[in-house]
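All of the numbers you see were taken from the coordinates with simple rules; none came from a lab. Nothing here was measured: the structure is a model prediction, and the numbers come from that model. Counting neighbours? That spans all protein chains shown, and the Cβs are built from the backbone with ideal geometry, glycine included.
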Amino acid sequence: MMSTFTANFIYAQADDENDVLMIGFADDQYDPQEYILLQLTMHPDEQDLALGFDKIHMTYNDESQSQYGGIEKVLLKPGSIEIYLDEEAIEALDCEAAVVRVNFDPDVLNLEERRELFEQMFGELLEIDAEAGLL
């Protein structure tokens with residue numbers, strides 16, 4: 001099963017001041033009903049490592065539906081991103097399915113411009129579809 005929504009707003013930025021990488025997808029910029037916010041500490045310290053805060057923090061539609069880790073794979077395609085979740089994440093995020101797919105206009109998300117951010121965020125979890133033109 002797959003949960004799907006369309007993002008009309010996409011945010012991706014490395015915030016050096018706060019030492020966090022953020023990527024967000026939302027159905028609306030100002031009043032989102034459906035969204036995914038992904039955050040990763042860029043330079044985790046020993047305490048972050050010990051507490052598991054070195055993993056991607058994902059929020060799905062509500063702050064109460066969030067957790068560190070739980071992402072098994074991320075598939076980036078020209079007009080969508082699919083996030084594959086483990087069982088613990090499905091429960092913590094109160095998600096209906098093991099895969100969350102976010103559709104977007106590929107002209108809005110210039111993949112080539114943001115490739116480095118996606119690679120930094122997802123690392124070895126990231127798979128880029130050959131049709132995305134980034135391989």
Local electrostatic count, Glu113, Cβ distance below 15 Å [Lys/Arg +1, Asp/Glu -1]: -3
Quarter of Cα convex hull surface for the chain, i.e. mean projection, nm²: 8.2
Cut-off 16 Å (backbone N to label point 7 Å along Cα→Cβ of Asp105), residues of region 13-40: 26-30
